Amino acid sequence: MLKAIGNYFKAPPILPVTDEKEVIDKKYKKYRIDVFSASFIGYTVFHLTKKNIGPALPAIQEEFGYSNLQLGLLGSSLYFTYAFGKFINGMIADKADAKKFMTAALMISALSNILLGFSPQLVNMIVSVFPNLEFIETLGQPLLLLVMAFCWGVNGWFQSMGFPGIAKALAFWYSNTERGTKWALWSTSHQFGTMLGAVLAGWCIVNFGWRSAFIIPGIINLLMCIFTYAKMHDKPQTLGLPEVEEYREGTAPSPEEADEEANLSYFDILKKYIFFNKTIWILAFAYVFVYICRYGTEDWIIKFLVERGDDMVLATKKFSALAFFGILGAISAGFFSDKFFKGKRTPVNLLFLLGIAVSVYVIMHNHFTGGIGNLIDVACLAGMGFFVAGPQMLVGGICAVESGSKKVASAATGFCGLSGYIGAIVSGAGTGWCIDHFGWNGAFWFWILSAVACILILLPLMKKGV
């Protein structure tokens with residue numbers, strides 16, 4: 001069975017180039033539009049079944065009485081499987097068909113969400129099957145939490161399959177001279193997806209209850225699988241087209257450069273540029289705290305707004321500012337580091353991290369009500385989204401790649417990504433624990449101190465010119 005699954009996902013064979021230049025031009029234009037649209041829209045809708053848990057947490061807590069720590073552990077189950085899945089699935093994706101890999105991930109992510117939405121009925125059915133076993137009945141709520149965490153963890157694993165297939169497609173369909181621009185444009189799908197996911201989930205909860213926040217996005221993404229399967233394509237060579245460098249620049253793939261790395265094995269390069277690279281370790285350690293700030297604000301701020309007095313509609317509208325300004329933050333961080341700091345990323349990271357701390361501190365002390373209070377909330381959430389997006393993109397992305405060899409670029413970003421999602425796990429459980437013991441101010445100080453810790457960790461990189 002495993003062999004059959006492997007054969008199904010195996011990348012299609014390379015086909016010879018037989019078409020005339022005019023035909024190749026038409027095909028390249030069409031397929032590149034297909035790939036980008038599938039990558040952008042596909043990754044956007046992935047977030048419909050990833051960013052829907054935040055709005056649902058208050059209703060889940062109200063119905064079942066779970067503590068904030070328990071809710072944090074529930075949310076962190078996705079980050080745990082996502083962290084390791086991102087690295088493992090990244091290696092698998094290199095040998096897989098991007099079309100099938102991405103579509104299967106979206107499908108199973110959708111199904112796991114639908115199952116989570118029906119988990120109370122599932123647990124009730126399990127309890128009813130064993131009416132004479134009292135311990136089963138007493139396990140009702142803990143068992144439900146376990147079932148929901150399992151579904152959310154499964155979702156995390158298949159969510160982690162979304163990016164590798166897209167990364168492979170973008171790398172093969174766009175050359176070095178254009179990939180940076182296309183990658184930057186594609187990266188905004190994360191913020192769009194985060195915004196749409198929260199708004200859709202909030203609307204579902206208000207109109208149909210918290211279960212619909214998982215069921216309806218799941219159904220939508222099942223339908224979107226048709227689009228991704230139709231539009232996503234593997235490498236150009238599998239469609240009888242030349243490699244993109246040859247097509248765009250007229251240069252055939254060059255042999256391996258005659259440099260020091262040419263005589264090193266992949267593992268030797270890995271050791272040199274990752275495992276024994278101090279800069280990578282600093283970036284990875286810092287990324288833990290970046291993700292504490294990122295997922296602390298993304299996953300918990302709606303719950304804070306609701307508990308403070310906003311209704312779900314107003315809370316999700318305010319939250320949309322966080323996602324929208326995250327788009328501007330990511331673009332601005334890259335622009336500032338290129339244009340004002342001549343390719344140095346650390347100064348921008350430090351400034352943006354300071355902005356995170358200030359935004360969180362201000363909303364913590366916002367005791368105004370009505371229009372002025374709402375305006376301050378929106379400004380603070382916009383600041384959180386804007387300033388988090390910079391370090392999120394730079395620390396574990398561009399900085400990681402630029403600190404070593406391009407031959408282990410995926411491993412470098414994967415290594416930092418693993419650290420980041422360890423931070424996401426800490427963020428979920430840590431924020432919940434802080435709220436339970438110190439109230440919301442405890443959570444806010446947890447995020448502020450994480451931003452400060454990240455600043456201190458990154459400071460030595462100023463001397464290195466990173």
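Structure notes:
- In sequence order, segment 292-299 has phi-based couplings of 4, 5, 4, 7, x, 6, 5, 8 Hz under the Karplus curve 6.51 cos²θ - 1.76 cosθ + 1.60, θ = phi - 60°, and Gly or Pro positions carry x.
- Phi-derived couplings, Karplus 6.51 cos²θ - 1.76 cosθ + 1.60 at θ = phi - 60°, listed residue by residue for segment 225-231: 4, 4, 5, 5, 5, 6, 9 Hz, with x used for Gly and Pro.
- With each label modelled as a point 7 angstrom along the Cα→C-beta vector, the GLU63-TRP281 pair spans 4.7 nm.
- Mean residue ellipticity (222 nm) of the chain, computed from DSSP H runs ≥ 4 via -39,500 (n - 2.57), nearest 500: -26500 deg cm²/dmol
- Compared with the alpha-carbon gap, the fully stretched path from ILE126 to LEU328 is longer by 67.9 nm at 0.36 nm per residue.
- Heavy-atom accessible area ranking, 1.4 Å probe, most first, across MET462, MET393, MET312: MET462, MET393, MET312
- Rounded, prolate or oblate (a/c below 1.5 giving rounded, otherwise prolate when a/b exceeds b/c) for segment 407-466 by Cα gyration tensor: oblate
- Long pairs among LYS27/LYS344; LYS51/LYS344; LYS29/LYS100; LYS27/LYS95; LYS168/LYS464, criterion Cα-Cα beyond 27 Å: LYS27/LYS344; LYS51/LYS344; LYS168/LYS464
- Sorting ASP436, ASP377, ASP311 by solvent-accessible area of protein heavy atoms yields ASP311, ASP436, ASP377, largest first, with a 1.4 Å probe.
- Taking every C-alpha pair closer than 8 Å and separated by at least 6 residues, the mean separation divided by the residue count of segment 266-369 gives a relative contact order of 12 percent.
- Residues LEU394, LEU196, ordered by accessible area of protein heavy atoms at a 1.4 angstrom probe radius and largest first, appear as LEU196, LEU394.
- Segment 304-394: C-alpha gyration tensor shape, a/c 1.5 cut-off, then a/b vs b/c: prolate
- Computed accessible area, VAL17, all protein chains, 1.4 angstrom probe, square angstrom: 80 Å²
- Neighbour net charge for GLY156 - beta-carbon separation under 14 angstrom, K R +1, D E -1: +2
- Over the chain, accessible surface divided per residue gives 45 Å², non-protein components excluded, 1.4 Å probe.
- Charge dipole (Cα centre; +1 on Lys/Arg Cβ, -1 on Asp/Glu Cβ; no other charges) of the chain amounts to roughly 600 debye.
- The charge dipole of segment 316-466, taken about its Cα centre with unit charges on the Cβ of Lys, Arg, Asp and Glu (plus for the first two, minus for the last two), comes to roughly 580 debye.
- Estimated distance in nm for a label pair at LYS30 and LEU351, the labels positioned 7 Å out from Cα along Cα-to-Cβ: 4.6 nm
- Correct option for Cα Rg over 2.2 N^0.38 Å [calculated from the coordinates] among (i) 1.12; (ii) 1.01; (iii) 0.94: (ii)
- Dipole-positive endmost among ILE301, SER320, TRP281 within segment 280-347 (Cβ charges, Cα centre): TRP281
- Once C-alpha pairs closer than 8 Å and six or more residues apart are averaged by separation and normalised to the residue number of the chain, the relative contact order reads 25 percent.
- Shape call, segment 7-66: gyration tensor on alpha carbons, a/c limit 1.5: oblate
The values are calculated or read from the model by the stated rules, or taken from the named source; none is laboratory data. Remember, predicted model here, so these are calculated numbers, not experimental data. All Cβ positions, even for glycine, are placed from backbone atoms using ideal geometry, and neighbour counts span all protein chains on display. Areas reflect the complete protein model, heavy atoms only, side chains present, ligands, DNA and RNA absent. Shrake-Rupley method; radii C 1.70, N 1.55, O 1.52, S 1.80 Å.
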